[in-house]
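These notes are about the structure you will find just below.
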Amino acid sequence: MPKFTYPILLIALVLVALPMSVGAITSASYRLFPEQGFQSLQNYATNTSSGSRLQSTNYRLDGSLDSYVGRGTSSSYRQDSGSASFQYYCGDGFIDPGEICDGADLNGQTCGTLGFASGTLSCSSTCTRVTSACNTASSSGSGGGGGAAAPVSAPSSPSVSDAIKSLAYSYKPTFLLYGTTATAVTSVKVNGSSEGVTLPSPTSWQKTLSLAYGLNTFKIKATNTGGDSTESVFELYRRLVGDITQDNKVNDYDLSKLVKLWGGSDRGGDFNEDKSVNDYDFSMMVARWGTSV
């Protein structure tokens, strides 16, 4: 046999021994091909436009070209993907943005700090406080007939932060309204609803609001077991971008005003609200030239 025959046979054997695909991951029970999604030689379940699936009685792996969130695959771990904030979620045991509590972490609150006489405070699966096990009546004293605890008074009205209280208008479609409140409140309501209102600390509250063009009025109340507080009122006018004269249209009158404000920080000409009146604001005005509301 010619001398060059042995190297050729050796190369052929190596090629046969290599995985069928570059970067393939192989074990005795399955093989994964990265460029084909997740596939199993023994238990290939489905292959759709959004990905593939490898599963067994003990685990499931999903590969997806599209984002997905909230996919829990066992009792001991959870896998989230798909957004800038996927690194936190309700149920991870840590109080994340938008959560009042999480699992055993109650943010230092107890039934007592919320105005109850006794009991056990807990956290729901949606990361909100559960006060159903808190008691409003105190236990009877020893040696004599104990009476019921004094009724809990309604909280004082919440306040709006001084940093935004004096603002008369905004050009933005959304606005973060926030302020302080007394301790021992269970919720804060804006225009009669607590939806979207969070309590970052025992004495603070906040809500991101959508603004309509024109005057927006918001009535804020705090609530505890004693009832609702009196309301605080906050008003904010949303202007059309470019409408410095506040006549609900963008024209040469606004342009003349912008020229006078150029290079300063007056909020009237600061359409992107970056504390500077410059060419960015001019381009925003040009984009809306001739529009009205």
Determine the sum of side-chain charges near residue 277: Lys and Arg each +1, Asp and Glu each -1, restricted to other residues whose C-beta is under 14 angstrom from that of residue 277. -3
Based on the Cβ-Cβ distance of residue 172 and residue 104, what FRET efficiency does E = 1/(1 + (r/R0)^6) give at R0 = 45 Å, to the nearest 0.05? 0.75
Give me the extension gain from residue 245 to residue 183: residue separation times 0.36 nm, minus the current Cα-Cα distance, reported in nm with one decimal. 18.1 nm
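How much length is gained if the chain between residue 274 and residue 130 is pulled fully straight, taking 0.36 nm per residue apart and subtracting their Cα-Cα distance, in nm to one decimal?
Details: separation 144, 0.36 × 144 = 51.84 nm, distance 4.10 nm.
Residue separation times 0.36 nm, minus the Cα-Cα distance, leaves 47.7 nm.
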For residue 209, distant residues with modelled amide H under 5 Å away: 175, 176, 177
Report the residues of the range 263-293 in range of a label on residue 255: point 7 Å along Cα→C-beta, backbone N strictly under 13 Å from it. 282-283, 285-291
Those lysines that a straight Cα-Cα span of less than 21 Å connects to residue 260, excepting residues fewer than 8 apart in one chain: 249, 275
Quick one: net charge of residue 205's neighbours, Cβ under 12 Å, K/R +1, D/E -1? +3
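No value in this document is a laboratory result; all are computed from the given coordinates. Worth saying up front: this structure is predicted, and the values here are computed from it rather than measured. Glycine gets a Cβ as well: all are built from the backbone with ideal geometry, and neighbour counts include every protein chain shown.
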